[in-house]
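**Q** Please see the structure below; I have some questions.
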Amino acid sequence: MTDWTTDELDRIGDAEELQVSSRRRDDSLRPFITIWVVRVGDDLYLRSAYGPDNGWFRRALASGSGAVRAGGIERDVAFVHLDSDDPVHAAIDSAYHAKYDSHGPRIVGTVVGDAVRGTTLRIDAA
């Protein structure tokens with residue numbers, strides 16, 4: 001369960017892009033990185049378009065916490081790594097298609113399908 005308000009879910013989920021930052025060991029935030037975000041039900045998800053070695057993804061996974069900002073909202077968050085076999089992945093793929101297909105199949109293809117399931121993070125409000 002996440003502690004997002006309906007307004008936060010709407011504003012972040014409707015935003016074209018999200019800025020994400022992970023926490024350093026000293027609890028300071030790293031620079032924000034701009035990526036895509038999708039909403040499925042009452043949850044928000046991120047995927048690494050360039051695989052598990054992408055710097056922002058590795059740092060978010062390692063720290064488990066950070067901050068996001070989008071739609072005029074900025075919140076501290078926890079990053080929750082999803083198992084590749086989690087049944088929500090089909091809905092996440094559909095959400096990416098619905099929101100971003102206008103960018104073209106080559107670009108959307110970097111964040112949908114079996115190959116990227118292992119790079120999926122749910123972002124929970126902290």
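The values are calculated or read from the model by the stated rules, or taken from the named source; none is laboratory data. For clarity, every value in this text was computed on a predicted model and none was experimentally measured. Virtual Cβ from ideal backbone geometry, glycine too; neighbours counted across all protein chains shown.
**Q** Looking at Asp43, is it in contact with a strand residue (DSSP E or B) (Cβ under 8 Å, 6 or more places away or on another chain) and among the acidic types (Asp, Glu)?
**A** Numbers: in contact with a strand residue (DSSP E or B) (Cβ under 8 Å, 6 or more places away or on another chain): yes; among the acidic types (Asp, Glu): yes.
Against the criterion (in contact with a strand residue (DSSP E or B) (Cβ under 8 Å, 6 or more places away or on another chain) and among the acidic types (Asp, Glu)), Asp43 qualifies.
**Q** Hey, could you check region 49-66 for residues that are surrounded by 12 or more Cβ atoms within 10 Å (Cβ to Cβ) and over 15 Å from Ile123 (Cα atoms) and say which is modelled with the lowest pLDDT? Working first, answer last.
**A** Residues of region 49-66 that are surrounded by 12 or more Cβ atoms within 10 Å (Cβ to Cβ), as a first pass: 49-51, 54-61, 63-66.
Okay, now just the ones that are also over 15 Å from Ile123 (Cα atoms), so 49-51, 54-55.
Values: Ala49: 92, Tyr50: 87, Gly51: 91, Asn54: 94, Gly55: 94.
Selected residue: Tyr50.
**Q** Give the residue, chosen from Asp85, Asp114, Asp76, that is loosely packed, with under 15 Cβ neighbours inside 10 Å and in contact with a strand residue (DSSP E or B) (Cβ under 6 Å, 6 or more places away or on another chain). So that I can check it myself, show each step before the final result.
**A** Details: Asp85 fails: in contact with a strand residue (DSSP E or B) (Cβ under 6 Å, 6 or more places away or on another chain); Asp114 fails: in contact with a strand residue (DSSP E or B) (Cβ under 6 Å, 6 or more places away or on another chain).
Result of the check over Asp85, Asp114, Asp76: Asp76.
**Q** Restricting attention to region 76-83, does a residue exist that is within 20 Å of Asp42 (Cα to Cα) and not in a strand (DSSP E or B)? Working first, answer last.
**A** Within region 76-83, the first condition is being within 20 Å of Asp42 (Cα to Cα), and the residues that meet it are 76-83.
With not in a strand (DSSP E or B) added as a condition, the list becomes 82-83.
Among the residues of region 76-83, at least one is within 20 Å of Asp42 (Cα to Cα) and not in a strand (DSSP E or B), which makes the answer yes.
**Q** State yes or no: is Arg69 out of contact with any Pro (no Cβ under 7 Å at 6 or more places or on another chain), part of a loop (DSSP other than H, G, I, E, B), more than 14 Å from Arg122 (Cβ to Cβ) and basic (Lys, Arg)? Reasoning before the result, please.
**A** Working: out of contact with any Pro (no Cβ under 7 Å at 6 or more places or on another chain): yes; part of a loop (DSSP other than H, G, I, E, B): no; more than 14 Å from Arg122 (Cβ to Cβ): yes; basic (Lys, Arg): yes.
Here the answer is no, as Arg69 does not meet what is asked.
**Q** Any residue that is farther than 21 Å from Thr5 by Cα and buried (at least 16 other Cβ atoms within 10 Å of the Cβ) - is there at least one of those in region 36-48? Explain how you work it out, then say what you get.
**A** Initially, region 36-48 is screened for residues farther than 21 Å from Thr5 by Cα, giving 47-48.
With the extra rule that they be buried (at least 16 other Cβ atoms within 10 Å of the Cβ), the set shrinks to 47-48.
The answer is yes; a qualifying residue exists.
**Q** Still on this model: Out of region 20-55, which residues are over 14 Å from Ala78 (Cα atoms) and not in a loop (DSSP other than H, G, I, E, B)? Let's see the steps before the verdict.
**A** Taking region 20-55 as the starting set, the residues that turn out to be over 14 Å from Ala78 (Cα atoms) are 25-26, 28, 30-42, 47-55.
Hits for region 20-55 are Ile33, Thr34, Ile35, Val38, Arg39, Val40, Arg47, Gly55.
**Q** Any residue at all in region 90-102 that's over 13 Å from Leu46 (Cα atoms), surrounded by 15 or more Cβ atoms within 10 Å (Cβ to Cβ) and β-branched (Val, Ile, Thr)?
**A** Within region 90-102, none of the residues are over 13 Å from Leu46 (Cα atoms), surrounded by 15 or more Cβ atoms within 10 Å (Cβ to Cβ) and β-branched (Val, Ile, Thr).
**Q** Restricting attention to region 84-115, which residues are in a loop (DSSP other than H, G, I, E, B) and either modelled with pLDDT of 95 or more or out of contact with any Gly (no Cβ under 6 Å at 6 or more places or on another chain) (or both)? Working first, answer last.
**A** Residues of region 84-115 in a loop (DSSP other than H, G, I, E, B): 84-88, 104, 109-113.
Matches in region 84-115: Asp85, Asp86, Pro87, Val88, Gly104, Gly109, Thr110, Val111, Val112, Gly113.
**Q** Would you please name the residue that is farthest from the chain's Cα centre (by Cα), looking only at residues in region 86-126 that are of a type in the set (Asp, Glu) and closer than 23 Å to Ser63 by Cα? Let's see the steps before the verdict.
**A** Here is the first cut: in region 86-126, the ones of a type in the set (Asp, Glu) are 86, 93, 101, 114, 124.
Add one more test, that the residue is closer than 23 Å to Ser63 by Cα, and what stays is 86, 124.
Values: Asp86: 16, Asp124: 10 Å.
Ranking the candidates gives Asp86 first.
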